[in-house]
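For reference, the structure is listed below as structure tokens.
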Amino acid sequence: MPQMNMIEAIRDALDVKMGQDKDVLVFGEDVGYFGGVFRCTAGLQEKHGLHRCFDTPISEGGIVGIAVGMAANGLRPVAEIQFADYIYPGYDQIASEAARLRYRSNGDFTAPLTIRTPVGGGIYGGTTHSQSPESLFTHIAGLKTVIPSNPYDAKGLLIQAIEDNDPVLFLEPKRLYNGPFDGDPHKPAVSWAKHELGDVPAGHYTVPFESARKVASGDDLTILCYGTMVWVAETSAKMMGVDADILDLRSLLPLDIDAIAESVKRTGRCLILHEATRTSGFGAELAAQVAEACFYSLEVPIFRVTGWDTPYPHAQEWAYFPGQRRVCGGIRTIMESQ
Amino acid sequence: MATSTKKASTKKKTAPKTNKDELISYYRDMLLIRRFEEKAGQLYGMGQIAGFCHLYIGQEAVVVGCRAAMKEGDQMITGYRDHGHMLACGMEPRGVMAELTGRIDGYSRGKGGSMHMFSTDKKFYGGHGIVGAQVSLGAGLGFANKYLDNNAVSLAFFGDGAANQGQVYETFNMANLWDLPVVFVIENNQYAMGTSVERASAQVELYKRGESFGIEGHQVDGMNVLEVRDATQMAIDHARAGKGPMVLEMKTYRYRGHSMSDPAKYRTRDEVNEVRGMRDPIDAVKDIMIKKKWIDLDGLKDLDKEIKATVAEAVDFAQNSPEPEPFELYTDVLLED
């Protein structure tokens, strides 16, 4: 089976869909000729032509708006926003147009578009190149939000997103592009080549939304996580010597609440992780849904480990990032609660 | 107001006036930026600066020329390629270097990094990492100047890439509608990251971008510090007289990559070398000074030595400044009690 890192897996998904469907177009800032700042679209312009993989001006509002119009008129655009931190000029088009077209037009018009954008920290990007804005999007009815944690899922989820008949926001944890990252910046980087989730089948396959991946099975506690935090969770649980039931949510909306409820009802303990700021973060939604679905099974309060309620700093990046120490602390808190 | 847009080449050529002291000071300011940026590039290579670092090398004449036309109290705001602007404003090289290296003595206590620094003292309003976002802020500075009747003008700098952001045009409209004292300085270095102006812009003559809003625009040789200064002087005078904004397109060039991780496959080495060899803004000033016998080779050497010492001192200062403590993450999020 081909070995791919997450960049190659994303590129392969785009390549597969462009090969299958001439209505799939790929565009964004520096996406065509340059191949994308993270190289996710390298070679696609040469292979599929200038008319199908192309550069846009630096105009995020325009990029998203044009994608909505293209999608409403029969195409399947895949737009890249270079960093999630740049998406805000396009937010109006996402929230008010893409996500609402089906509802407003009584189902006559739809916007089957995909917006890909890198999220998260770990590359010293500071306030404007490190944010995790997922909860701003899961708050929008009419939009799906997914986030892979490995190359296999990245390819399968991206193909699923492109084939989906509604708008999908596809978040790419940039710290995972080249390898799994368990939250320790001092350890030598690990590449996907040595990991089974770097085995990415050639050709077409999909990973369905609303299907959390079981990362580890256990009965001590449930850990709900996604993106980079999946790897921090796995390592931290091992360090703490607990049998954790770890769920990689993969798709935040729609959410696989059945898998979550099954797990929490069994363990009675729930730890929620994300890199984004805490207040009104996606963890708050998860906590509410867990409380609604599993209240009488919970043995101890739900606990969250998240980014701090501060901007992402340039210096002290690892003091911001919810790394192993904080996640282990969260596990300890939950396990020691009576 | 009638609009006119002018290309540099169509203007009547009268050599800009200057004198020895003036030119030496421009030379010194440009050389400081260049040496500072070269050193920042080295430190990045050594892993002492992490993340993003966009060097200004090649574009020095733009900000130094603009600064020369500004008066005390005028403001400057720019994007992420901002080190040159800060040095030209008179901000301390050591404070800028300490910020680049993420240290507590940096202008934003290490939390801002390369793209996010400010100085109330020097009227430098940042340092903004989101492409084009600062342009509207620049007009807001101008609005406040007008409302407060403080006679100041704001200079809003942005690149050829940012010139395609929608908010720039919302800003142009308001700025001229309300006759705001703001000068829009487009630093056209010809590449928005890896995308050339031709591949991203339907109208590549960016000085014309204000035309439909009735804003006068001029194209300027951004590699010529004196022409930059004179054009900026004209635009500032216009704005200060209450006649509203003006657009200046500075034709310039960056020698280095967009950022430190730029593979630079979108242009040839020859193209870069040609600009370096033929149009370098610092060499051009050096040639005038030598020709006019305003400085000799020893004088140049002394100047270079002095600037290198300033930069070395900045590096030393930055390296000896500690990282901010983790509690600093929570400072300055909102006003503290």
Check: Within the set of pairs 6+ apart or on separate chains, which have a first residue in region A:309-329 that is without any contact (Cβ under 8 Å) to a residue 24 or more places away in the chain and within 11 Å of another protein chain (Cβ to nearest Cβ), a second that is buried (at least 19 other Cβ atoms within 10 Å of the Cβ) and in a helix (DSSP H, G or I), and C-beta atoms under 8 Å apart?
Finding: A:Gln316/B:Leu329; A:Ala319/B:Leu329
Next item on the list: Starting from region A:202-231, keep only residues that are in contact (Cβ under 8 Å) with a residue 60 or more places away in the chain and surrounded by fewer than 20 Cβ atoms within 10 Å (Cβ to Cβ), then list their pairs with residues that are of a type in the set (D, E, K, R) and assigned to a loop (DSSP other than H, G, I, E, B) whose Cβ atoms are within a distance under 9 Å, requiring at least 6 positions of separation or different chains.
Entry: A:Asp220/A:Asp243; A:Asp220/A:Arg269
Item checked: Residues located in region B:48-69, provided they are away from chain A (no Cβ under 14 Å) and over 13 Å from the mean Cα position of the chain (by Cα) -> B:Ala69
Notebook entry, point to check: Considering only residues of region B:202-231 that are of a type in the set (A, V, I, L, M) and closer than 16 Å to B:Pro245 by Cα, which is surrounded by the fewest Cβ atoms within 10 Å (Cβ to Cβ)?
Noted result: B:Ile215
Margin query: Residues that are surrounded by fewer than 22 Cβ atoms within 10 Å (Cβ to Cβ), within 11 Å of another protein chain (Cβ to nearest Cβ), within 30 Å of A:Pro313 (Cβ to Cβ) and free of Cβ contacts under 8 Å to residues at least 60 places away in the same chain: does region A:95-108 have at least one?
Written below: no
Notebook entry, point to check: Can you find even one residue in region B:164-187 that is touching a residue at least 12 places away in the same chain (Cβ under 8 Å), under 18 Å from B:His85 (Cα atoms) and of a type in the set (S, T, N, Q)?
Noted result: no
Note to self: When you scan region B:141-158, do you find a residue that is crowded, with 23+ Cβ neighbours inside 10 Å and within 15 Å of B:Tyr253 (Cβ to Cβ), even just one?
What the structure shows: no
Notebook entry, point to check: Do we find that B:Ser154 is touching a residue at least 40 places away in the same chain (Cβ under 8 Å), under 17 Å from the mean Cα position of the chain (by Cα) and away from chain A (no Cβ under 14 Å) in this structure?
Noted result: yes
Check: Do we have any residue at all in region A:178-199 that's of a type in the set (Ser, Thr, Tyr), in contact (Cβ under 8 Å) with a residue 12 or more places away in the chain and crowded, with 19+ Cβ neighbours inside 10 Å?
Finding: no
Checklist line | B:Ala264 being small (Gly, Ala, Ser) and surrounded by 14 or more Cβ atoms within 10 Å (Cβ to Cβ) | finding: no
Margin query: Looking only at region B:37-84, count every residue that is in contact (Cβ under 8 Å) with a residue 40 or more places away in the chain, more than 19 Å from B:Ala318 (Cα to Cα) and not β-branched (Val, Ile, Thr) and tell me the total.
Written below: 18
Notebook entry, point to check: Out of all the residues in region B:320-337, which are in a helix (DSSP H, G or I), within 21 Å of B:Ile49 (Cβ to Cβ) and more than 8 Å from every other protein chain (Cβ to nearest Cβ)?
Noted result: B:Asn320
Note to self: Can you go through B:Asp283, B:Asp296, B:Asp230 and tell me which one is touching a Pro at 6+ places or on another chain (Cβ under 7 Å), of a type outside the set (Val, Ile, Thr) and closer than 30 Å to B:Thr14 by Cβ?
What the structure shows: B:Asp230
Note to self: As an exercise: evaluate A:Met1 against (1) surrounded by fewer than 19 Cβ atoms within 10 Å (Cβ to Cβ); (2) modelled with pLDDT of 95 or more; (3) more than 14 Å from chain B (Cβ to nearest Cβ) and give the number of the one condition it does not meet.
What the structure shows: (2)
Note to self: What's the total number of residues in region A:40-89 that are within 9 Å of another protein chain (Cβ to nearest Cβ), part of a helix (DSSP H, G or I) and of a type in the set (Asp, Glu)?
What the structure shows: 2
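Matching residues to (1) surrounded by fewer than 19 Cβ atoms within 10 Å (Cβ to Cβ); (2) under 30 Å from B:Glu325 (Cβ atoms); (3) away from chain B (no Cβ under 14 Å):
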position: A:Ala244; (1), (2), (3): no, no, yes
position: A:Pro254; (1), (2), (3): yes, no, yes
position: A:Ala261; (1), (2), (3): yes, no, yes
position: A:Lys265; (1), (2), (3): yes, no, yes
position: A:Cys270; (1), (2), (3): no, no, yes
position: A:Arg278; (1), (2), (3): yes, yes, no
Next item on the list: Answer with yes or no whether A:Val200 is among the aliphatic types (A, V, I, L, M), in contact with a helix residue (DSSP H, G or I) (Cβ under 9 Å, 6 or more places away or on another chain) and more than 15 Å from A:Met4 (Cα to Cα).
Entry: no
Next item on the list: For B:Thr195, indicate whether it is within 14 Å of chain A (Cβ to nearest Cβ), crowded, with 24+ Cβ neighbours inside 10 Å, free of Cβ contacts under 8 Å to residues at least 60 places away in the same chain and within 22 Å of B:Gln134 (Cβ to Cβ).
Entry: no
Check: For region B:82-106, which residues satisfy the criterion of being part of a loop (DSSP other than H, G, I, E, B) and surrounded by fewer than 24 Cβ atoms within 10 Å (Cβ to Cβ)?
Finding: B:Cys89, B:Gly90, B:Met91, B:Glu92, B:Arg103, B:Ile104, B:Asp105
Note to self: Take the conditions out of contact with any strand residue (DSSP E or B) (no Cβ under 9 Å at 6 or more places or on another chain) and modelled with pLDDT under 95 and apply them to A:His204. Does it pass?
What the structure shows: no
Notebook entry, point to check: Pick from region A:111-135 the residues that are outside any loop (DSSP other than H, G, I, E, B), crowded, with 21+ Cβ neighbours inside 10 Å and over 12 Å from the mean Cα position of the chain (by Cα): which of them is farthest from the other protein chains (Cβ to nearest Cβ)?
Noted result: A:Thr114
Next item on the list: Within region B:119-137, track down each residue that is within 14 Å of another protein chain (Cβ to nearest Cβ) and assigned to a loop (DSSP other than H, G, I, E, B).
Entry: B:Gly126, B:Gly127, B:His128, B:Gly129, B:Ile130, B:Val131, B:Gly132
Next item on the list: Answer yes if at least one residue in region A:267-282 is out of contact with any Gly (no Cβ under 8 Å at 6 or more places or on another chain) and free of Cβ contacts under 8 Å to residues at least 24 places away in the same chain, and no otherwise.
Entry: no
Checklist line | Residue match in region B:266-277 (condition: in contact (Cβ under 8 Å) with a residue 12 or more places away in the chain and on the phi > 0 side of the Ramachandran plot) | finding: no
Check: From the list B:Val183, B:Val168, which residue is under 18 Å from the mean Cα position of the chain (by Cα), farther than 28 Å from B:Gln42 by Cβ, within 14 Å of another protein chain (Cβ to nearest Cβ) and not in a loop (DSSP other than H, G, I, E, B)?
Finding: B:Val168
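The values are calculated or read from the model by the stated rules, or taken from the named source; none is laboratory data. All values reported here derive from a predicted model rather than from experimental measurement. In this analysis, Cβ positions are derived from the backbone assuming ideal geometry, glycine residues included, and neighbour counts consider all displayed protein chains.
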